[in-house]
Each structure stands twice: as structure tokens, then as C-alpha cells.
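The values are calculated or read from the model by the stated rules, or taken from the named source; none is laboratory data. Everything numeric in this text was worked out from a predicted model, so none of it was measured. Don't worry about glycine lacking a Cβ; one is built from the backbone with ideal geometry, like all the others, and counts go over all protein chains shown.
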Amino acid sequence: MERNVEKMLNRVSVVFLSIGTVLMHLPLPKKNARIWFSGAWKSRLSSFSTYFLRFRDLGFIQNHTKALCLSDGAGHAPMALSQIGLSDVTAVELVDSIPLVKRADPHNLPFFDRVFDFVFTAHLAEALFPWRFVEEMERTVRRGGFCVVAVDECSGDDVRDIARFFHNSKIVDVANVTLERVKRTSILFKLQDSKRTSILFKVQDSLS
Ligand SMILES: *[C@@H]1O[C@H](CO)[C@@H](O)[C@H](O)[C@H]1NC(C)=O
Ligand SMILES: *[C@@H]1O[C@H](CO)[C@@H](O)[C@H](O)[C@H]1NC(C)=O
């Protein structure tokens, strides 16, 4: 059963559109303009900007950071990252939302290994295969780069459970945040230089 679903997902990803950098300076099509100037959009956008600004203040992202947002729906996260100054932001989702979000399967990303500095998702919980989703996050981020997940607000035990998916990373930052008016826990992982060290034990240390 799982095999079949996976095969189907692979087929979906074969037909992805070519992926490029999100260009924030494109002339806005009318429909997007209506959405992007709505109060609801702006308030979600501003919650993502506040969230990402904290990472900038902590030194985890800069203007030259190459960022990827996964399963991003309508594109609040990539727009927020661009707005705070990042010039190279890509966002993908199973269904595209042009021009902010391109179509690709997050379980099978159309990118080479280690090409991003910062990979973000607020939708790990909805992934069909979380382990595969995380594998792709870790594959496409460079060593020393960051994988960041925002999940429903949770305690240290849950954070440790999520960390088990990240075989090659170490937790660097855990914070409770409000995103889109919902309380979430943000976990930032740093991809380790050497593989297969006892990362899970390090994670436990960093939480204690
Ligand atoms: C980053 O980009 C923003 C927006 O383009 C700009 O205002 C800011 O000065 C830049 N910061 C640095 C450190 O270059
Ligand atoms: C986040 O909130 C949860 C539940 O309220 C709490 O158990 C946890 O310790 C908090 N985490 C942080 C990093 O503050």
C-alpha cells in the first residue's frame, strides 16, 4: 500500500514545473494583488516576518541566505523571507500557487544535494511520509546550514520525538512562537559536518 502511494508521488514529482527563484519584483497579476493586499494576507505575512526576523537577529539567516520553503500553500513564508531582505527564496508545494510557490513533491525534491542554507516548513505534521520529507530537507541543505520546522506547540518529549527524524542534524534552537495566531513550537536544526555521530544523544544534552 505504502509502495503504491510512493510510486504515485514519484509520478507527480516527475511533472513538476521548472523551479526557479521566487521573483518578488514581478508585476503583480490582478488576482494576486487582490489577495496580497487583503488584511488577512497581511496579518499572516507579518506573523511570518516576525518569526523569521528572530532568526535573523540570532544570526541564522542573512540577506544572502539561500532559502527553501516546503509545503507552503499560498506563499506567506517565502514572501516574508523576501520582505525581510533575502534575495534568493524558493517555495514548493504539491499544488503550485504562482508566482510565489512552484509545484514539486516535498518527498522528492527537484534540487541537487546541499544547495540551500535554510530549509523551512510549517507542515511536517501533514506530510504523508515524515521521514522521507525530513530526508529531503537534510539532503538539500548544506552542511552547517539549517532545517527549521514549526509544529503544534509541544513539550521537550515531543521535540525529542521530532528530532529522531533528523538523523544528520543537531537541535540549536527551540522556541514557542505564535504563527498565524496559532501557538507553535519552532525547532531549528543545524546540519552536522560528520554523519552518523551520536546525534540523538547530543540532542538530549542540548535539551536538558
Ligand atoms: C538586507 O536587505 C534589506 C532589504 O533589501 C536592506 O534594507 C538591508 O540593508 C540589507 N541588510 C544588509 C546587512 O545588507
Ligand atoms: C512550549 O510550551 C510547552 C507547552 O506549553 C512547554 O511544555 C514547553 O516547555 C515550551 N517550550 C519552550 C521552549 O518554551
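For F55, state whether it is at pLDDT 95 or above and within 16 Å of ligand 2 (Cβ to nearest atom). So F55 passes the test.
Annotation note: Cβ proximity below 9 Å between a residue of the stretch 68-83 that is on the phi > 0 side of the Ramachandran plot and a residue that is in a strand (DSSP E or B) and surrounded by fewer than 24 Cβ atoms within 10 Å (Cβ to Cβ) (sequence gap 6+ or interchain) occurs for S71/E93; S71/T121; G73/E93; G73/S97; G75/E93; G75/S97. Picking from residues in the stretch 64-86 that are over 11 Å from F52 (Cβ atoms) and modelled with pLDDT of 95 or more, the one that is nearest to ligand 2 (Cβ to nearest atom) is L70.
Only a single criterion out of (1) of a type outside the set (D, E); (2) assigned to a strand (DSSP E or B); (3) more than 18 Å from F52 (Cβ to Cβ); (4) touching a Phe, Trp or Tyr at 6+ places or on another chain (Cβ under 6 Å) is not satisfied by K170, namely (4). Is it fair to say P110 is over 14 Å from the mean Cα position of the chain (by Cα), under 18 Å from P130 (Cα atoms), in the same structural domain as R142 (by TED's automatic domain parsing) and not aliphatic (A, V, I, L, M)? Yes.
Every test in (1) outside any strand (DSSP E or B); (2) modelled with pLDDT of 95 or more is passed by F120 save one, and that test is (1). Say we look at the stretch 142-155 and pick out the residues that are within 20 Å of Y51 (Cα to Cα) and touching a Leu at 6+ places or on another chain (Cβ under 8 Å); which of these is farthest from ligand 1 (Cβ to nearest atom)? Going through the qualifying residues, I end up with V151. Within the stretch 165-183, the only residue that satisfies the criterion of being basic (K, R), at pLDDT 95 or above and surrounded by fewer than 16 Cβ atoms within 10 Å (Cβ to Cβ) is K183. Residues in the stretch 80-120 that are within 16 Å of ligand 1 (Cβ to nearest atom) and surrounded by fewer than 24 Cβ atoms within 10 Å (Cβ to Cβ): A80, S82, Q83, I84, G85, L86, S87, D88, D117.
For the stretch 150-164, state whether one or more residues are within 12 Å of ligand 2 (Cβ to nearest atom), assigned to a strand (DSSP E or B), closer than 23 Å to V89 by Cα and at pLDDT 95 or above. Yes, that holds for at least one residue.
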